[in-house]
């Protein structure tokens, strides 16, 4: 079983002391992104690397993608994986200190179920939440939420971006080059 899990194909014969294994094919080489993720993020071999590389590509190269909720990000990626899985992928980057939350880079978004988030201002965000907390003293949470959604066209959230850790710039540049190469290769296959 261990050989099969490692990607080897083989034949075996005999029992006990006469048991022999003949390797008939070596495992396929590990793709560069998978190798990077396993080495730097300690990902297991059963990780969905196709979803992870698509997520990381969008996270680093698509403007504003990093500010969307994980569920919206999953939707943009065609629901390859759920929002919770994307959250775990991002946590890997944070856990190994490649990125950290950047409170200086904030976006204010109006989110309404079934619709793409729309950008708003910090002033409108503060006004919406001030009203929400005032109303919450008089009515229940659900009613206060409903009023916010009615008045502002959805719930308003503040989402933070991230900063890249300069200490790991070499590794991040390597990751970004791998992601670019993968993205270019995918585009060429589609055409």
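Throughout, read-outs are computed from the coordinates displayed, never taken from laboratory work. None of these values were measured; they are calculated from a predicted model. Cβ: placed from backbone, ideal geometry, glycine included. Neighbour counts: every protein chain shown.
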Ranked 52, 80, 148, criterion: other C-beta atoms within 10 Å, fewest first: 80, 148, 52
For region 141-191, alpha-carbon Rg relative to the globular expectation (2.2 N^0.38 Å, N residues): 2.12
On Cα atoms only, tilt of 169-190 relative to the major axis of the chain in degrees: 80 degrees
Stretch gain in nm, segment residue 173-residue 130, where the contour uses 0.36 nm per residue and the Cα spacing is subtracted: 11.3 nm
Most mobile of 65, 96, 57 in a GNM of the chain (Cα contacts under 10 Å): 96
Fewest-first ranking of 136, 90, 123, using other Cβ atoms within 10 Å as the exposure measure: 123, 136, 90
Relative exposure of 125, 55, judged by other C-beta atoms within 10 Å (fewest first): 125, 55
FRET efficiency, residue 185 to residue 103 (Cβ-Cβ, R0 30 Å, nearest 0.05): 0.25
Cα pair distances of region 72-191 binned at 5 Å [whole percent]: 2, 9, 12, 15, 16, 15, 13, 7, 5, 4, 2, 0
Most fluctuating residue given options 63, 29, 117, as computed from a GNM of the chain linking Cα atoms under 10 Å: 29
Span from the region 1-80 Cα centroid across to the region 81-96 one, whole angstrom: 16 Å
